[in-house]
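Encoded as structure tokens, the structure appears first; notes follow it.
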Amino acid sequence: MGWNSWNAVSCEVTEADIRAAADALVDTGLREAGYEYVVVDDCWMADELDSKGRLQPSTAFPDGMAALADYVHDRGLQFGLYSAAGSHTCQGYPATLGREQLHAEQFAAWGVDYLKYDNCGDHHGRDAIARYAAMGDALAGVDRDIIYSICEWGENRPWQWGRNVGGHCWRTTDDLVAKWRTDPDEFGLGIADVIDRMAAINAAASHGPGGWNDPDMLQIGNDHESGQSKHEPVTVHRPLTEAERRTHFAFWCLWAAPLMIGTDLTSLSTFDRELLANERLLAINQDRLGIQGTPDERNENSEVWSKRLADGGAAVAFHNRAGAKREITTHVVDTDIPEGADRYQVCDCWTGNEWTTNGSLAMTVRPRDTAIVRVTPQ
Ligand code: GAL
């Protein structure tokens, strides 16, 4: 859980943005809710490596990365940086391929706790597994624990090898944009596109403590004015609706996905802050078993997904794909809830309302919205 600069400020990122984000995580209470990592994405580096081949910060980071890491650490947070397993980053800055050891040592010396490692630039004829393993080995060799976040966009099924190369999480899918769906000729995927894709790739078996499928960073709070929306070739017409934002957060929590906030925290709305800090949803996301929710039923009008939890219960999500409000039903036997109890306690994670059932579950859901309940055998 944390915050990353890309969706909010894209390639305009500055040291001041990172300090402001760290301060805002504290001031909004989101650090207390569990958001811990502050990650500087692409464009932090100068146009040239130094004479030894090391990365240097751009003039937008005048105090340097060690001082910025200290600032973040002083606020009880962890510090992350970005590079790529190619000659250049996606925005054309120098990257790490062939200099893994040197750069891993730099990151450790600066106090980096998290590395997002992208897939752009020239690959020098080496495949993804070889390139990502080289950095995994380099990180394992330095005297600092650094979370290794593989950003390979899901192209070579990284859920099958991400752990083996030392990865702690790996992107499953293309970049998420602040839209419900994208057109085929547009950049990236919308929320509903990622839900379809996560159902299709069926990667839940690879996911769990120490190695997580990553469907990309959160777009809650973003619109056409946000950094990524302005930077990438995608047309964002309006902010995500409240229903779309609830669905976005509900699925990322049900998937036990990394939760990297991607919006300007200095102007966060009350709705978005409360959504991101929802304790019932975060308990599902952070559940000790770390199971990724999977689909029980998907049809043209509705979807039901569920995820077993450590207390012997499960979370169940009811998503309305249709254009009108509808009741979506299921039964415990058709979900990941353990069977055989006489009664089940149900808690609506949005409202906190509680009731009991002998096994039938029915939720009324608005278009594009998602109801999510926690069900516990009694
Ligand atoms: C993309 C990556 C994004 C962002 C961007 C920066 O490849 O998927 O999350 O890091 O590069 O250029």
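The values are calculated or read from the model by the stated rules, or taken from the named source; none is laboratory data. All figures in this text were calculated on a predicted structure; none of them were measured in a lab. Reconstructed Cβ throughout: ideal geometry from the backbone, glycine too, with neighbour counts over all protein chains shown. Protein only, heavy atoms only, side chains kept; ligands, DNA and RNA dropped before computing areas. Shrake-Rupley method; radii C 1.70, N 1.55, O 1.52, S 1.80 Å.
Here are some residues: Gly86, Gly98. Which one is buried (at least 20 other Cβ atoms within 10 Å of the Cβ) and small (Gly, Ala, Ser)?
Values: Gly98 fails: buried (at least 20 other Cβ atoms within 10 Å of the Cβ).
Checking each option against the conditions leaves just Gly86.
Tally time: how many residues in region 302-317 are within 21 Å of the chain's Cα centre (by Cα) and open to solvent by less than 10 Å² (accessible area, probe 1.4 Å)?
7
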* Asked: Could you list, in sequence order, the residues of region 117-154 that are open to solvent by 10 Å² or more (accessible area, probe 1.4 Å), of a type in the set (A, V, I, L, M) and within 16 Å of the ligand (Cβ to nearest atom)?
  -> Ile147
* Asked: Does any residue of region 337-345 turn out to be at pLDDT 95 or above and touching a Leu at 6+ places or on another chain (Cβ under 8 Å)?
  -> no
* Among residues of region 63-122, those that are part of a loop (DSSP other than H, G, I, E, B), out of contact with any helix residue (DSSP H, G or I) (no Cβ under 6 Å at 6 or more places or on another chain) and hydroxyl-bearing (Ser, Thr, Tyr), counted -> 3
* If we keep just the residues of region 315-359 that are in contact with a Gly (Cβ under 9 Å, 6 or more places away or on another chain) and part of a strand (DSSP E or B), which is nearest to Gln286 (Cα to Cα)? -> Ala315
* Kindly establish whether Pro295 is under 21 Å from Arg181 (Cα atoms) and surrounded by fewer than 22 Cβ atoms within 10 Å (Cβ to Cβ). => yes
* **Residue ID - surrounded by the fewest Cβ atoms within 10 Å (Cβ to Cβ), chosen from residues in region 168-185 that are away from the ligand (no atom under 15 Å from the Cβ) and over 15 Å from the mean Cα position of the chain (by Cα)** => Pro184
* Subset of region 56-113 that is touching a strand residue (DSSP E or B) at 6+ places or on another chain (Cβ under 7 Å) and among the aromatic types (Phe, Trp, Tyr) - its residue that is nearest to the ligand (Cβ to nearest atom) -> Tyr82
* Can you tell me which of Glu12, Glu32, Glu48 is within 13 Å of the ligand (Cβ to nearest atom) and surrounded by fewer than 16 Cβ atoms within 10 Å (Cβ to Cβ)? -> Glu12
* Asked: Has region 265-276 got at least one residue that is more than 18 Å from Glu242 (Cβ to Cβ) and either touching a Leu at 6+ places or on another chain (Cβ under 8 Å) or free of Cβ contacts under 8 Å to residues at least 12 places away in the same chain (or both)?
  -> yes
